[in-house]
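Worksheet: one structure, shown below.
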Amino acid sequence: MMIRISLCLSENKLGPAIRELFMDNKSISSWIRQARYRANKKDIYSDLEISDVKLTIEKFKNKCAYCDKSKKCWGNDADALDHAFNLSNEAPNVPANVIPVCKKIKSENKGCDVASLMAAGLIKKTTYLKILKILLDNKGAQTIKSYIKQIMGFIE
Ligand SMILES: [Zn+2]
């Protein structure tokens, strides 16, 4: 069951401090379980706890990471989770790779990571940088930095 309280409160413009998380513990831990399973299956580095994910959702103020002013769904509350860089492309399953999103965008973006969305002009560079700034402040930042260097073709 989703906690709908946050929707009403956000409409009243109350501060994020007193708002409930939109996604409840049960849906978050079920998403984490699936992500761990997929990571293990592909032998991808995985270190992700529910507290990490809740912290990330708070940092994004319960909003979808992708929805910006250029999109119709700007301001959507996050009601789903996604990896900024896909596990299917061997990105690590770490707090620095998890973003809250809205289901609408998640279904539209299927299979695209945050870098390719930016490259394709589907998200603005400022949105990309905002997402990375928050993510790289999370646990696993070093792992994600190495991953980005690798996909961009940098050689150590
Ligand atoms: Zn969205």
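Going by the conditions given, is VAL53 more than 10 Å from the ligand (Cβ to nearest atom) and under 14 Å from the mean Cα position of the chain (by Cα)? Criteria met by VAL53. Residue pairs whose Cβ atoms lie under 6 Å apart, separated by 6 or more positions or on different chains, with the first residue in the range 53-65 and touching a residue at least 60 places away in the same chain (Cβ under 8 Å) and the second buried (at least 18 other Cβ atoms within 10 Å of the Cβ) and among the β-branched types (Val, Ile, Thr), are THR56/VAL98; ALA65/ILE99; ALA65/VAL101; ALA65/ILE131.
For the range 91-148, the set of residues classified as among the small types (Gly, Ala, Ser) and in contact (Cβ under 8 Å) with a residue 24 or more places away in the chain consists of ALA91, ALA96, GLY111, ALA115, GLY140, ALA141, listed by residue number. Among all residues of the range 64-77, there is at least one that is modelled with pLDDT under 90 and among the polar types (S, T, N, Q). The residue that is modelled with the highest pLDDT, counting only those in the range 110-155 that are out of contact with any Asp or Glu (no Cβ under 9 Å at 6 or more places or on another chain) and at positive phi, is GLY121.
Filter the range 106-131 down to the residues that are exposed (fewer than 11 other Cβ atoms within 10 Å of the Cβ) and part of a loop (DSSP other than H, G, I, E, B) and list them by number. Scanning the range 106-131 gives LYS110, GLY111, ALA120, GLY121. Looking only at the range 93-131, residues that are away from the ligand (no atom under 14 Å from the Cβ) and within 18 Å of LYS54 (Cα to Cα) come to 6 in all. Give the residue that is nearest to the ligand (Cβ to nearest atom), with candidates limited to residues of the range 56-92 that are of a type in the set (Phe, Trp, Tyr) and closer than 16 Å to LYS133 by Cα. In this case the residue turns out to be TYR66.
Residue count for the range 62-98, restricted to those that are in contact with a Cys (Cβ under 6 Å, 6 or more places away or on another chain) and aliphatic (A, V, I, L, M): 1. Checking the stated criteria, LYS133 turns out not to satisfy the condition of being under 13 Å from the mean Cα position of the chain (by Cα) and within 13 Å of CYS64 (Cβ to Cβ). Taking residues in the range 20-41 that are modelled with pLDDT of 95 or more and of a type in the set (A, V, I, L, M, F, W, C), and partners anywhere that are surrounded by 13 or more Cβ atoms within 10 Å (Cβ to Cβ) and not in a helix (DSSP H, G or I), the pairs with Cβ atoms closer than 6 Å and at least 6 places apart or on different chains are TRP31/LEU81; ILE32/LEU48; ALA35/ASN93; ALA39/SER46; ALA39/ASN93.
The values are calculated or read from the model by the stated rules, or taken from the named source; none is laboratory data. These numbers were taken from a predicted model, which means no experiment stands behind them. Cβ coordinates were reconstructed from backbone atoms using ideal geometry, including for glycine residues, and neighbour counts include every protein chain displayed.
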